[in-house]
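Visitor: I am attaching a structure below and will ask some questions about it afterwards.
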Amino acid sequence: MAGNYDAVYRASQQNPQAFWAEAAKLVDWYKEPTTILDDSKPPFLQWFTDGQTNACYNALDRHVAAGRGDQDALIYDSPVTATKLRFSYRELLARVSKFAGALREQGIEKGDRVIIYMPMVPEAAVAMLACARIGAVHSVVFGGFAANELAVRIDDVAAKMVIAASCGIEPGRLVQYKPLLDEAIELAKNKPQSCIILQREQGPGEMLAGRDKDWLELEAAGEPVDCVPMLSTDPLYVLYTSGTTGEPKGVVRDVGGSIVSLNWSMQKVYGVKPGDVFWAASDVGWVVGHSYIVYGPLFNGSTTILFEGKPVGTPDPGTYWRIIAEYGVKVFFTAPTAFRAIKKEDPQGEHLARYDLSKFEALFLAGERCDPDTLHWAMDKLQIPVIDHWWQTELGWPACANCRGIELLPVVPGSPTKPVPGFDIRVLDEQGGEVAAGDIGALAIKLPLPPGSFTTLWGNDERFVSSYFKTFPGYYETGDAGYIDENGYVFVMARTDDVINVAGHRLSTGGMEEVLAAHPDVAECAVVGVADAMKGQVPLGFVVLNDGVDRAASDICTEVVRLVREKIGPVAAFRLCAVVERLPKTRSGKILRATMRKIADAEAWKMPATIDDPLILDEITEALGSLGYPSKG
Ligand code: COA
Ligand code: AMP
């Protein structure tokens, strides 16, 4: 056993500065910090304020310098293109340095923002690290988002350049990224100066002369460049995430905090050492991809796997086991939804039995609530610790986990275990008072947040404060509700806002409502997240039509489903829609979304005392029935 959880946690609380100063010694600095935390302007915290470092240096150069040059840094496994590639630390450093040189030749300098719109190809990681190398701020946009979402991000971050691939490959379908990019730039008010396009042979894109440059040509001609020393507090990246409205939040993460926290978490949370193989089956477009496909494992000198495929269908539900066996994965991280997909196709674990998983030590799950069925199935089939852990884009790394690198605590199904050292998690009532053990309330984290948490929202300090720090002064409001039991185990129950989790992807029902409301025949609408056996939740929309509209309800539903796909993207998985006469509301006009969701999920619900017309709920129940809800699955 590497330590004692209680003692380590206590140390992190008693003296956060001393605790993180120790962790900071494990990474490389151009100038070591003398001020560990400046918290003079809460909630704006500055960790390692006067330190100077570089994320790319800590991810690559320092490992080559320390003799890890020949070790695999990144393994690319792509069943959808039948490709397997290995990049040693030395090779990855060479590619990144040249591409960073190419970026510089294209006019990208420290502080410039670069959007990366790419599928799961090694070049996505090369692009991120190359930006970090020269101090450019990257903002990766998930490939499942539509042109409009890309345009919103290009504008908000005022991107000077977009780096994109010509296409992505989804099972059974090629996703042409290039036309989406062209449309996004057309829509954007801020026009990027140039684009670098990785032409993939599966679907090359048409280049726009003058604006679009070919990745391979630029990289080949790029002169390798060195890392630029950055202040610890400089931004490393901006990652947009869903909030309550359709306007995404640009989460900003700083350089020094990211390096120290991710490096620490690899060893202490995940129990992964330099040289070990670690795999997070997510996407570079999500926070998991930033923290645990690219930066965390590389900061730690581990080997990371970049997987372009799905848990099932590429080609079968044994793909994950094949990868774990083939590359000797020690710790694997994915979302419960992926396990539900595998379990559905291979309930007996027959595919699993075909592989040698002897090196596999622990499975971590996050992104959504882990249902006990999935947890038990995974524990039963794998016979290794299965660890649910809880975190958010804003926090950047796990806030609650079973830190197997410190001490593996007993697993309690339904709980992501205890707060990770650095996170002081409390459960608060509406007045901000702490509730008793076992009572449900808002999950909040007492300031200071540890290094690696977000430092602001891009260009919007005000929204940073009002969205997260206003309700409970002195605390970060997580947006999740839950409780802590008498043994200190945390239980995360549900979001307290309009954010839903679809197949581990965070989406805003408010954003979808904005799209539905824009349909010319729609007078009002409501979108709620309803339970789904595979994806955890899926969105379901109710629309009320304008007076006088006499078109078929089914046509209008088909149109709004298409609109959401066009405006937000296929990842929203918006397929369920019903036309109703009215929406249930309180007398003051608030739509009763929670009641509709409870009816859909066959949960117990009470007639709200303030409802203006109880009969409307009969119509809602009938509409849900026509869509197959409450579902029997
Ligand atoms: N680019 C373009 N389109 C994408 C995309 C991408 N990167 N990712 C997903 N999509 C599309 C899919 O093709 C699908 O389109 P369709 O409506 O035409 O079928 C839609 O978005 C929904 O995709 P997805 O959520 O992946 O659902 P699915 O039914 O195709 O697959 C799972 C279901 C469970 C297998 C899949 O969601 C999965 O692997 N989830 C794990 C997610 C995960 O690891 N999250 C990380 C959090 S830790
Ligand atoms: P994201 O920012 O995309 O990582 O989504 C964060 C949200 O996902 C959290 O606020 C939770 O609502 C949910 N979530 C993530 N991990 C868990 C977990 N282990 N248990 C329950 N909910 C989770």
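Only the coordinates and a few stated rules stand behind these numbers; no lab work does. All figures in this text were calculated on a predicted structure; none of them were measured in a lab. Cβ: placed from backbone, ideal geometry, glycine included. Neighbour counts: every protein chain shown.
Visitor: Applying 1/(1 + (r/R0)^6) with R0 = 25 Å to the Cβ-Cβ distance of Lys446 and Met493, what FRET efficiency is obtained, to the nearest 0.05?
Guide: Efficiency computed from Cβ-Cβ geometry: 0.80.
Visitor: Let me ask another. Which whole-Hz couplings ³J(HN,Hα) result when phi for each residue of the range 52-58 is put into the Karplus expression 6.51 cos²θ - 1.76 cosθ + 1.60, θ = phi - 60°, listed in order with x for Gly and Pro?
Guide: Each residue of the range 52-58 in turn: 10, 7, 8, 5, 5, 4, 6 Hz.
Visitor: Rounded to a whole number, what is D in µm²/s for the range 89-228 from Stokes-Einstein with the Kirkwood radius over alpha-carbon pairs (37 °C, 0.692 mPa s)?
Guide: Approximately 222 µm²/s, per Stokes-Einstein.
Visitor: Okay, moving on. Name the cysteines of the chain that stand alone by the Cβ rule: no other cysteine Cβ under 4.7 angstrom.
Guide: Cys56, Cys131, Cys167, Cys195, Cys227, Cys370, Cys400, Cys403, Cys525
Visitor: Roughly what would the spin-label model give for Lys110 and Ala7, points 7 Å off Cα along C-beta, in nm?
Guide: 4.2 nm
Visitor: Right, another one. Please express the shape of the range 208-273 as an equivalent ellipsoid: the semi-axes are the square roots of 5 times the eigenvalues of the C-alpha gyration tensor, given largest first in whole angstrom.
Guide: Computed over the range 208-273, the values are 30, 23, 14 Å.
Visitor: Using the Kirkwood formula over every pair of different C-alpha atoms, what hydrodynamic radius in Å results for the range 231-343?
Guide: Result for the range 231-343 stands at 15.3 Å.
Visitor: If I model a spin label as a point 7 Å beyond the Cα along the Cα-Cβ vector, how far apart are those points for Arg582 and Asn546 in nm?
Guide: 2.2 nm
Visitor: I've got another one for you. May I ask you to evaluate 6.51 cos²θ - 1.76 cosθ + 1.60, the Karplus curve with θ = phi - 60°, for each residue of the range 610-626 and list the ³J(HN,Hα) values in order in whole Hz, giving x for glycine and proline?
Guide: 9, 5, 7, 8, x, 5, 4, 5, 5, 5, 4, 4, 5, 5, 4, x, 5
Visitor: Across the range 328-480, how large is the tail of the calculated P(r) beyond 18 Å, expressed as a percent of all Cα pairs?
Guide: That fraction is 63 percent.
Visitor: Highest mean first, how do 544-552, 160-168, 574-582 rank when packing is the count of other Cβ atoms within 10 Å averaged over residues? Write out the running numbers ahead of the final one.
Guide: Details: 544-552: 11.0, 160-168: 25.3, 574-582: 19.2.
Final packing ranking: 160-168, 574-582, 544-552.
Visitor: Quick one: grab Rg to one decimal and Dmax as a whole number for the chain, Cα atoms only, in Å.
Guide: According to the Cα coordinates of the chain, Rg and Dmax are 24.0, 74 Å.
Visitor: Still on this structure, please answer the following. Roughly what % of DSSP beta bridges within the range 89-228 run antiparallel, to the nearest 5?
Guide: Once the DSSP bridges in the range 89-228 are tallied, antiparallel ones form about 20 percent.
Visitor: Quick one: Debye curve from the C-alpha atoms of the range 422-529, no solvent, what's log10 I(q)/I(0) at q = 0.16, 0.22 Å⁻¹?
Guide: Reported log10 I(q)/I(0), two decimals: -0.86, -1.23.
Visitor: Let me ask another. How big is the charge dipole of the chain about its Cα centre, in debye rounded to the nearest 20, if each Lys and Arg gets +1 on its Cβ and each Asp and Glu gets -1 on its Cβ?
Guide: 920 debye
Visitor: Applying the Karplus parametrisation 6.51 cos²θ - 1.76 cosθ + 1.60 with θ = phi - 60° to the phi angles of the range 569-579, what ³J(HN,Hα) value in whole Hz is obtained for each residue in order, glycine and proline being reported as x?
Guide: x, x, 4, 5, 6, 8, 10, 9, 8, 9, 8
Visitor: For Leu198, list long-range residues whose amide hydrogen, built 1.01 Å from N in the peptide plane, is under 5 Å from its own amide hydrogen.
Guide: Excluding prolines and chain starts, which carry no amide H, the hits are Ala164, Ala165, Ser166, Trp215.
Visitor: Amide H of Glu361 versus every other amide H placed in the peptide plane: which residues, excluding those fewer than 5 positions away on the same chain, fall under 5 Å?
Guide: For Glu361, whose amide H was placed from the backbone, the distant partners under 5 Å are Val331.
Visitor: Can you give the calculated 222 nm mean residue ellipticity of the chain, where each DSSP H run of n ≥ 4 adds -39,500 (n - 2.57) and the sum is split over every residue, rounded to the nearest 500 deg cm²/dmol?
Guide: One gets -8500 deg cm²/dmol as the mean residue ellipticity at 222 nm.
Visitor: Share of Cα-Cα pairs in the range 503-626 beyond 17 Å, in percent?
Guide: Of all Cα-Cα distances in the range 503-626, 55 percent exceed 17 Å.
Visitor: In nanometres, what is the gap between the two model label sites at Asp439 and Ala82, each 7 Å from Cα along Cα-to-Cβ?
Guide: About 6.3 nm, to one decimal.
Visitor: Check which residues have an amide H placed less than 5 Å from Val251's amide H, if you skip close sequence neighbours.
Guide: Leu239, Tyr240, Thr241, Trp458
Visitor: Residue separation times 0.36 nm, minus the C-alpha to C-alpha distance between Ala533 and Gln176: what's the value?
Guide: 125.5 nm
Visitor: To continue, here is another question. Give me the number: length gained by fully extending Ser194 to Val411, i.e. 0.36 nm times residue separation minus the C-alpha to C-alpha distance, one decimal in nm. Don't jump to the answer; show the numbers that get you there.
Guide: Numbers: separation 217, 0.36 × 217 = 78.12 nm, distance 5.05 nm.
Fully extending the segment from Ser194 to Val411 adds 73.1 nm.
Visitor: Quick one: if you take sqrt(5λ) for each eigenvalue of the C-alpha gyration tensor of the range 278-368, what semi-axes come out, biggest first, whole angstrom? Mind showing how you got there, number by number?
Guide: On the way: eigenvalues 91, 47, 23 Å².
Its equivalent ellipsoid spans semi-axes of 21, 15, 11 Å.
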